[in-house]
Amino acid sequence: MTLNIDIKEEQRKAQEEIKNQGFRVLVCSGTGCIANGALEIIKKFEELGAKVGELTNHDKMTVVPTGCHGFCEQGVLVVLPDLHTTYVKVHVEDVEEIFESHIKNGKPVERLLYVDPQTGEHVHKNEDINFYKKQTRTALENNGHINAECLSEAIAVGGYEALAKVIEKNDPQWVIDEILNSGLKGRGGAGFPTGLKWKFAAANRGGKTYMVCNGDEGDPGAFMDRSVMEGDPHKLLEGMAIAAFAIGADEGYIYVRAEYPLAIKRLRKAIADAEERHFLGENIMGSDFTFVVHIKEGAGAFVCGEETALMASIEGERGMPRPKPPFPANKGLFGRPTVINNVETLANVPVIIRKGAEWFASMGTETSKGTKTFALTGEVNNTGLIEVPMGTTLRQIIYDIGGGIRGGKKFKAVQIGGPSGGCLTEEHLDLPMDYESLQKAGAMVGSGGLVVMNEDTCIVEVARFFMNFTQNESCGKCVPCREGTKNMLKILERIVAGNGKPEDIDTLQELAKAVQDGSLCALGKTAPNPVLSTLKYFLDEYKAHIIDKKCPAGVCAAMKTYRIQEDVCKGCTKCARTCPVGAISGTVKEPHKIDTEKCIKCGSCMGACPFKAIVCE
Amino acid sequence: MTVTEQINIADVDKILETYEYKKSNLIAILQKVQEKYSYLPEKVMTYIGTKVKGVSPATVFGVATFYAQFSLDPQGKYEIKLCDGTACHVRGSMPVLNAVRKKLGLTPDKRTTDDGMFSLNIVSCLGACGLAPVVVINEKVYPKMTADAVKIALDTIINEEKGV
């Protein structure tokens, strides 16, 4: 089809526009950095911008709010691309110094540079920070580099080029083949080949078809989809439009969690801007391809991340899963053929079309292609959002990118894939992170949440935490899931409270099997995973709780006992005065005693003791 | 003045009109109603059930109770969202939760203060895991919370309200 715009020409114009911005100050404006004061920093830079007459090399300064860099731990991040410098942990008070010292007089502000935890050296450039250096970014390629709320900045870095190519070529089958050949699999959890999904839906071409984007990122501890929606919304829209073209859809929905207000705001603006320039909506770029996108806000239900439940929710119903088949590709939203893809999956699509299937397939492993984002959180030095080729090992992620375990503690386990995933231990550190290897180890890539736990984390308590989550979020449709998770939770609660029974381990395993077998959707089928994988790798810890009534990590309050070491206690009475329940007694200058019957294990005495005489065991 | 007296059905009609009385917009309609009243009054839910095509009051009630975002009781002026996602949990959201409850006299069953100033809701993940543990009070994000820090944050709000 002929287009009425020349996207290359638009790109050139957009790049020119950026050049005309003069000196660019990039301020990260993701949810994390905004919480740390990014908006105040932008305002301050803009005020100073009025003084740009004093700049020698530029006649203008432009402050650009960008999307999430992923290095939230170090926020607020300020990048000066012209000076090849990244500043971390910037506060509004530092802005003037950056402006006066570095921007005006060329002298970097050393104290605001990133300090490498291993070498202790200051690092100037983003590319030299280990956290970034070891990453390969595809879905997140523009995050942090462009103004997240500006269409022309997206165009300048190649936005909508792939869509123009696809419409011009006018061959939906070619698009499907490209995606099939690239080996792209769903990034939302299940890992189903994206091209295949499209192929099934395209077979029903002719009538009304829907293209749905799943932005209901429910896994606690995962925030890659939020970052894409907030940081590069046009890429997602372009990916959706390409998918819609391939399957013959003219209408689409983005289902976004209500917990992501900023993502919703930026997506709304992006849709309006794209429609105005005819990159979305009716007769896109002058062709006869039409694709209209709506936003549906979720209302707080984890199960809506399941595709059939998500469709029920878009239709205005309770988000309860429906049996498959019929699969959405045949009978989906409002009874019509529908393709549902996750945000990250769709963000990969324009890049694949632009750079080719071969390029994408050259990254990753034999069976898992491309790159994957992981949300690295928990007890690791550098928490944040990362993107690496499939097959990167856990060790590389935790130690090279994550900078190792916080506070020099010992690595214990990592929970991967959220409440549906499993845990990996030290023996898995060199396991390649791809769909197949993880599945073999009893875990899953899932959405890519990676929560690192150290020796101070109680694994049984973590299993209880996940079970509490899935039990809360079970929609109640299937009895095994509704009742099974409840009973599993009850047992886990009993174990962490110190009342576990020896037969509990067998019962947990039996219940897990019933819940897995008897549930309709993935929520139920995977709900027992955290329990099963922790039982597999940390059975001793369960036994310690049940039989010895001890929590090896010292977390479970019920199993703690506080004791005053007689030889260390000076009898200062501080602990006795601090204890809220009067469980400590003794005379002045004599060793004190704790009445374990009365003690509520709050730990106040331990904090109050100036001689560190109180121990918790 | 009680809350029920403040409900003006004309406002609800306006919302219904915007969303074309469509069943597929039911969740959006309820979200707008909650935005207006801070909760979903029973009277309004029943009314919506009679107006939206293909929906009964029972369906409206079913949807309203299914999703965590909806509240059937009036919410406080300040909504505290305490994140207990995995990252926040591992980094100590529980002591923060206990501190908030203790400070405001709330319990798992009593989620709004008597003076109607604060409501406390535990949410599963706000996507700000790099800043764990996180608390959000009326859209403002408080990063890296501790029991002490959250008490200070609450005190600031309480003092502002008192005009101190």
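The values are calculated or read from the model by the stated rules, or taken from the named source; none is laboratory data. Just so it is clear, the structure is predicted and the values come from calculations on it, not from any experiment. Positions of Cβ are generated from backbone atoms using ideal geometry, with glycine treated the same way; all protein chains shown enter the neighbour counts.
For region B:53-100, give me each residue that is small (G, A, S), more than 20 Å from the chain's Cα centre (by Cα) and not assigned by TED's automatic domain parsing to the domain that holds B:E139.
Across region B:53-100, the qualifying residues are B:G54, B:S56, B:A58.
Based on what the data block shows, is A:F334 over 21 Å from A:S447 (Cβ atoms), of a type outside the set (D, E, K, R) and at the interface with chain B (Cβ under 10 Å from one of its Cβ atoms)?
yes
If B:A149 satisfies every condition in (1) among the small types (G, A, S); (2) within 25 Å of B:Q69 (Cβ to Cβ); (3) in a helix (DSSP H, G or I) but one, which is the exception?
Among (1) among the small types (G, A, S); (2) within 25 Å of B:Q69 (Cβ to Cβ); (3) in a helix (DSSP H, G or I), the lone unmet condition for B:A149 is (2).
Among the residues of region A:399-411, are any buried (at least 24 other Cβ atoms within 10 Å of the Cβ) and of a type in the set (D, E, K, R)?
No.
Could you list, in sequence order, all residues of region A:349-367 that are within 24 Å of A:A522 (Cα to Cα) and crowded, with 24+ Cβ neighbours inside 10 Å?
Residues satisfying the conditions do not exist here.
Would you say A:N341 is surrounded by 19 or more Cβ atoms within 10 Å (Cβ to Cβ) and outside any helix (DSSP H, G or I)?
Judged against the criteria, A:N341 is a match.
So if I check each of B:D73, B:D114, which one is free of Cβ contacts under 8 Å to residues at least 12 places away in the same chain and either in a loop (DSSP other than H, G, I, E, B) or within 9 Å of another protein chain (Cβ to nearest Cβ) (or both)?
Only one candidate qualifies: B:D114.
Got a sec? Which strands (runs of 3 or more DSSP E) wholly within region A:361-438 have at least 1 residues that are modelled with pLDDT under 90 and under 24 Å from A:M467 (Cβ atoms)?
Fully inside region A:361-438 and qualifying: A:371-378.
From the list A:V380, A:V414, which residue is in contact with a Lys or Arg (Cβ under 7 Å, 6 or more places away or on another chain), buried (at least 24 other Cβ atoms within 10 Å of the Cβ), hydrophobic (A, V, I, L, M, F, W, C) and more than 30 Å from A:I247 (Cα to Cα)?
Step by step, each of A:V380, A:V414 is checked, and only A:V380 is in contact with a Lys or Arg (Cβ under 7 Å, 6 or more places away or on another chain), buried (at least 24 other Cβ atoms within 10 Å of the Cβ), hydrophobic (A, V, I, L, M, F, W, C) and more than 30 Å from A:I247 (Cα to Cα).
For the structure I just gave you, tell me whether A:V79 is crowded, with 20+ Cβ neighbours inside 10 Å and part of a strand (DSSP E or B).
yes
Can you find even one residue in region A:578-592 that is in a helix (DSSP H, G or I), over 34 Å from the mean Cα position of the chain (by Cα) and without any contact (Cβ under 8 Å) to a residue 60 or more places away in the chain?
Checked against the condition, which is being in a helix (DSSP H, G or I), over 34 Å from the mean Cα position of the chain (by Cα) and without any contact (Cβ under 8 Å) to a residue 60 or more places away in the chain, region A:578-592 yields at least one hit.
Looking at A:L310, A:L280, which one is within 16 Å of B:A68 (Cβ to Cβ) and either more than 9 Å from every other protein chain (Cβ to nearest Cβ) or surrounded by fewer than 21 Cβ atoms within 10 Å (Cβ to Cβ) (or both)?
Unique residue meeting the criteria: A:L310.
Matching residues to (1) within 14 Å of chain B (Cβ to nearest Cβ); (2) of a type in the set (S, T, Y):
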{"site": "A:C72", "(1), (2)": "yes, no"}
{"site": "A:E93", "(1), (2)": "no, no"}
{"site": "A:V109", "(1), (2)": "no, no"}
{"site": "A:Y114", "(1), (2)": "no, yes"}
{"site": "A:G120", "(1), (2)": "no, no"}
{"site": "A:A139", "(1), (2)": "no, no"}
{"site": "A:A148", "(1), (2)": "no, no"}
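Among the numbered criteria (1) touching a residue at least 40 places away in the same chain (Cβ under 8 Å); (2) more than 14 Å from every other protein chain (Cβ to nearest Cβ), which single criterion is violated by A:T457?
Here A:T457 meets the rest and fails (2).
Of all residues in region A:355-386, count the ones that are in contact with an Asp or Glu (Cβ under 6 Å, 6 or more places away or on another chain) and more than 30 Å from A:G408 (Cβ to Cβ).
5
When region B:122-133 is examined, which residues are found to be within 18 Å of A:F302 (Cβ to Cβ) and in a loop (DSSP other than H, G, I, E, B)?
Listed by number, the residues that qualify are B:S124, B:C125, B:L126, B:G127, B:A128.
Take the residues of region A:193-225 that are farther than 20 Å from B:T86 by Cβ and assigned to a loop (DSSP other than H, G, I, E, B): which is nearest to the chain's Cα centre (by Cα)?
A:T209
Of all the residues that make up region A:441-479, how many are polar (S, T, N, Q) and not in a helix (DSSP H, G or I)?
4
Condition (residue is within 14 Å of chain A (Cβ to nearest Cβ), without any contact (Cβ under 8 Å) to a residue 24 or more places away in the chain and crowded, with 16+ Cβ neighbours inside 10 Å) applied to region B:80-88: is it met by at least one residue?
No, the conditions are met nowhere in region B:80-88.
Looking at B:V134, B:V141, which is the one that is within 24 Å of A:K89 (Cα to Cα), buried (at least 23 other Cβ atoms within 10 Å of the Cβ) and in the same structural domain as B:V90 (by TED's automatic domain parsing)?
Every option except B:V134 fails the conditions.
Being closer than 21 Å to A:A558 by Cα, surrounded by fewer than 24 Cβ atoms within 10 Å (Cβ to Cβ) and touching a Leu at 6+ places or on another chain (Cβ under 7 Å) is the filter here, so list the residues in region A:424-463 that pass it.
None; the set is empty.
Hey, can you tell me all the residues within region B:60-70 that are more than 7 Å from every other protein chain (Cβ to nearest Cβ) and either buried (at least 19 other Cβ atoms within 10 Å of the Cβ) or in contact with a His (Cβ under 7 Å, 6 or more places away or on another chain) (or both)?
B:V60, B:A64
Any residue in region B:118-143 that's at the interface with chain A (Cβ under 8 Å from one of its Cβ atoms): show its pairings with residues that are charged (D, E, K, R) at Cβ separation under 6 Å, as long as the two are six or more apart or on different chains.
So the pair list comes out as B:V123/B:K81; B:L126/A:E259; B:G127/A:R226; B:G130/A:E73; B:L131/B:K144; B:A132/B:R91.
What number of residues within region A:124-136 are crowded, with 19+ Cβ neighbours inside 10 Å and either part of a loop (DSSP other than H, G, I, E, B) or in contact with a Ser or Thr (Cβ under 8 Å, 6 or more places away or on another chain) (or both)?
Final tally of qualifying residues: 3.
Tell me, yes or no, whether region A:90-106 has at least one residue that is crowded, with 21+ Cβ neighbours inside 10 Å, under 28 Å from the mean Cα position of the chain (by Cα) and free of Cβ contacts under 8 Å to residues at least 40 places away in the same chain.
No, the conditions are met nowhere in region A:90-106.
Given the options A:H58, A:H69, name the one that is surrounded by fewer than 18 Cβ atoms within 10 Å (Cβ to Cβ) and either at pLDDT below 95 or touching a Pro at 6+ places or on another chain (Cβ under 6 Å) (or both).
Every option except A:H58 fails the conditions.
Would you say B:K53 is within 9 Å of chain A (Cβ to nearest Cβ), of a type outside the set (F, W, Y) and either part of a loop (DSSP other than H, G, I, E, B) or touching a residue at least 12 places away in the same chain (Cβ under 8 Å) (or both)?
No.
Enumerate the helices (runs of 4 or more DSSP H) found wholly within region A:498-574, keeping only those where 2 or more residues are among the charged types (D, E, K, R) and under 20 Å from A:M488 (Cα atoms).
A:504-518, A:539-546
Taking the options A:G378, A:G319, name whichever one is closer than 27 Å to A:G207 by Cα, under 26 Å from the mean Cα position of the chain (by Cα), facing chain B (nearest Cβ under 10 Å) and not basic (K, R).
Of the residues listed, the single one that is closer than 27 Å to A:G207 by Cα, under 26 Å from the mean Cα position of the chain (by Cα), facing chain B (nearest Cβ under 10 Å) and not basic (K, R) is A:G319.
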